[in-house]
Amino acid sequence: MTTTPQPKSSTPALEVRGLWAGYNHTPALKDVSFQVPEGEIVGIIGPNGAGKSTLFKAILDLMKPWRGETLIFGQSNRSQRAKIGYMPQIELVDWNFPVSVKEVVLMGRYGHIGLFRRPSKEDRAAAHEALEQVGMAHLGDRLIGELSGGQRRRVLLARALTNRPKLLLLDEPMAGLDATVQHQIISILRALRDSGTTVVLSTHDLSCVSAACDLTLCLNCQVVAYGPPRDVLVEKVLGETFGTHLLMVHLDGQAYAYQHHRHSNGPPNEDK
Ligand code: ADP
């Protein structure tokens, strides 16, 4: 895995300015602004319907905002699309499709390959390098249907890495993974960050944010708060973000959230 630190740019890797976007005249994002410095891991948290996917679509230039703009290293996102790697939610992938791990990762190179050309030596080398980065190079010939949940996530991550992106967008990368696999993914993200890649991920899992992220953006159509997890993962902010009372427990440097049940005498349920 490459870990050589690269000189950092003073221009933000990502800058979202006054973004308004929505569907059928109903706003999903209202005046959203934030900056992500190069080489940081940012976690976006918010309830279902908070606008996380809409924000990703706007950053990826897959939808036109009503107002505002997105800059990647100071230039319009449209012109800088090739610098962004994107990992979709795992549910959007058909894992029964009979293709190998290598072939799935090569799909990340389609922008280079074109749909009807055979992959070049360089394409294959880039796919191999991406598989190495996620510790999956030895499983390149496996069919994707034979992989475990954690391995599938790594393959998707490798696909997002094949173009050596400067900015990586990950939609719910930890969902459904057990704690051990989550930690493996976090280690991979840290190594990527340390080699200069900027990572923006969305998650429902507050303990993942406190374990993995340098900065946390709390989103509920608007930016409720943005800052280091220890400043942002507090009951007041989480109450405003999720619209419910969450009790935060800080243990061994990690934050855990519990939903507050006014009439319950039993133990609180962990909010995942
Ligand atoms: P999140 O990813 O945080 O769950 P979304 O960005 O998917 O939030 O959704 C934000 C809001 O936009 C929600 O109210 C959702 O119902 C609405 N929305 C999302 N996608 C569409 C769509 N394709 N058509 C109409 N409304 C949509």
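The values are calculated or read from the model by the stated rules, or taken from the named source; none is laboratory data. Quick caveat, the model's predicted, so the values are computed rather than measured. Glycine gets a Cβ as well: all are built from the backbone with ideal geometry, and neighbour counts include every protein chain shown.
All told, Thr162 falls short of being among the hydroxyl-bearing types (Ser, Thr, Tyr) and within 23 Å of Gly43 (Cβ to Cβ).
Of all residues in region 226-243, those that are surrounded by 15 or more Cβ atoms within 10 Å (Cβ to Cβ), touching a residue at least 24 places away in the same chain (Cβ under 8 Å) and not in a helix (DSSP H, G or I) total 2. Before we move on, is Gly74 within 16 Å of the ligand (Cβ to nearest atom) and not polar (S, T, N, Q)? So Gly74 fails the test. Restricting attention to region 21-42, the residues that are more than 13 Å from the ligand (Cβ to nearest atom), buried (at least 17 other Cβ atoms within 10 Å of the Cβ), assigned to a strand (DSSP E or B) and not β-branched (Val, Ile, Thr) add up to 1. When restricted to residues that are in a helix (DSSP H, G or I), among the acidic types (Asp, Glu) and either closer than 26 Å to Ser53 by Cα or in contact (Cβ under 8 Å) with a residue 60 or more places away in the chain (or both), region 130-171 contains 1.
Could you tell me whether any residue of region 82-93 is within 15 Å of the ligand (Cβ to nearest atom), hydrophobic (A, V, I, L, M, F, W, C), at negative phi and not in a strand (DSSP E or B)? Looking for residues that are within 15 Å of the ligand (Cβ to nearest atom), hydrophobic (A, V, I, L, M, F, W, C), at negative phi and not in a strand (DSSP E or B), one finds at least one in region 82-93, hence yes. If I go through region 185-214 residue by residue, how many of them are small (Gly, Ala, Ser) and out of contact with any Ser or Thr (no Cβ under 9 Å at 6 or more places or on another chain)? Final tally of qualifying residues: 3. Restricting Gly74, Gly18, Gly51 to those that are at pLDDT 95 or above and buried (at least 22 other Cβ atoms within 10 Å of the Cβ) reduces the list to Gly51.
Of everything in region 54-71 that is assigned to a loop (DSSP other than H, G, I, E, B), more than 12 Å from the ligand (Cβ to nearest atom) and of a type outside the set (D, E, K, R), the residue that is surrounded by the most Cβ atoms within 10 Å (Cβ to Cβ) is Pro65. When region 186-221 is filtered for residues that are in a loop (DSSP other than H, G, I, E, B) and either surrounded by fewer than 21 Cβ atoms within 10 Å (Cβ to Cβ) or within 16 Å of the ligand (Cβ to nearest atom) (or both), the ones remaining, listed by number, are Ser195, Gly196, His204, Asp205, Asp214, Cys221.
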